[in-house]
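The values are calculated or read from the model by the stated rules, or taken from the named source; none is laboratory data. Predicted model only: the values in this text are computed from it and were never measured. Here Cβ is always computed from backbone atoms with ideal geometry, including for glycine, and neighbour counts include all displayed protein chains.
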Amino acid sequence: MLKKSLTFGFTLLLLFAILCPAFADVVWEPTDDFYSAHRDECTTVDDKYHALSTLKVYKSPEDDTVVETIEEGADFYTCVVWKNNWRLLSDESGWIIPQNCQHYYNIGNFYEDHAGEFTDAPADEIVSMEEGLVLWTFPGSDHHFALLSGNVELAEQMGEKDIKIDKHWTDSKGRVWGRTGWLYQLGDENWICLNDRYNENLPITAPEFSGTIPGETATPAETTEPATQTTEKETTRSRILLPIVLVVCVMLVTGVIIVLLSLKNKRKKNAAPITAPGTADYPQYTEDSYSEESIGWHDPQ
């Protein structure tokens, strides 16, 4: 029984060890020193900006060393926001508060603009992952991705052949869009035009920019909030903690089982043998008790 329990426990641990890389593959964190020291105060984002003037990029929100400049007319991306709206560039080259620039329209703006227009999809609604299926960042965006045969093969290997739809949204032309849940190879969420699943030429209806952020580039000595802040995406830290918590729980349960079984076996070994009633005074015979001399037998020859 103990051996079976140990085998079961180690099997579960091995299973989680195999599954954890799947979580780790999609959960990315910067290696920036300032981010590492202020991780709990940061939120992951995915924002794109267009510079309206030359902007300075600093080593950190607490260090006024200029590490580079972003030229007027250039686009730049940010991946993390700190509490005063300091943002880490996606290439982790430095930090900046976006000012005197334009913010590209993104999925956060889409959800803000259409709040209250989303409905829950039927619980069993799925879309088969097939070659040529087009997934969009959000309805009306200019970013889309048509699945290739390799995507479909990988989906089958990962058990994601069927894509779960959790939300619906209908555009002004009556097209119904379905939002996907998280997928291993496609990230947090995507949208599918359920009426026209394979069309890569659907019209772009979203504006290019969500607005303009005025002002000059802030320095680390300035701690005031910029005039306009953009919507942030929720952090995915729970995906980091989930596999860790599961593995710890399995280890604890396995440990408890081992301890209980060990105590049970120990009690069995220490227990006094049970003697049947009325047999305590009976002589105990051994193999030597039945020798020829003891039973008075002799060979007549």
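For the reader, a short list of remarks on this structure follows.
- Restricting 140, 181 to residues that are under 23 Å from residue 47 (Cα atoms) and either in contact with a Ser or Thr (Cβ under 8 Å, 6 or more places away or on another chain) or buried (at least 18 other Cβ atoms within 10 Å of the Cβ) (or both) narrows the list to 140.
- Meets criteria (under 21 Å from the mean Cα position of the chain (by Cα), closer than 23 Å to residue 111 by Cβ and part of a strand (DSSP E or B)) for residue 165: yes
- Considering only residues in region 103-122 that are in a loop (DSSP other than H, G, I, E, B) and either touching a strand residue (DSSP E or B) at 6+ places or on another chain (Cβ under 9 Å) or among the β-branched types (Val, Ile, Thr) (or both), the one that is farthest from residue 177 (Cα to Cα) turns out to be 105.
- Flag if residue 44 is surrounded by 14 or more Cβ atoms within 10 Å (Cβ to Cβ) and over 13 Å from residue 213 (Cβ atoms): yes
- Restricting 70, 107, 18 to residues that are surrounded by 15 or more Cβ atoms within 10 Å (Cβ to Cβ) and at pLDDT below 95 narrows the list to 107.
- Whichever residue in region 154-187 is acidic (Asp, Glu) and touching a strand residue (DSSP E or B) at 6+ places or on another chain (Cβ under 9 Å) and, among such residues, is modelled with the lowest pLDDT: 160
- Members of region 187-211 that are crowded, with 17+ Cβ neighbours inside 10 Å and touching a helix residue (DSSP H, G or I) at 6+ places or on another chain (Cβ under 8 Å): 206, 210
- Each residue in region 48-89 was checked for being outside any strand (DSSP E or B), in contact (Cβ under 8 Å) with a residue 24 or more places away in the chain and farther than 20 Å from residue 37 by Cα, and 3 pass.
- Any hit, region 53-60, residues being modelled with pLDDT under 90, more than 13 Å from residue 80 (Cα to Cα) and surrounded by 15 or more Cβ atoms within 10 Å (Cβ to Cβ): no
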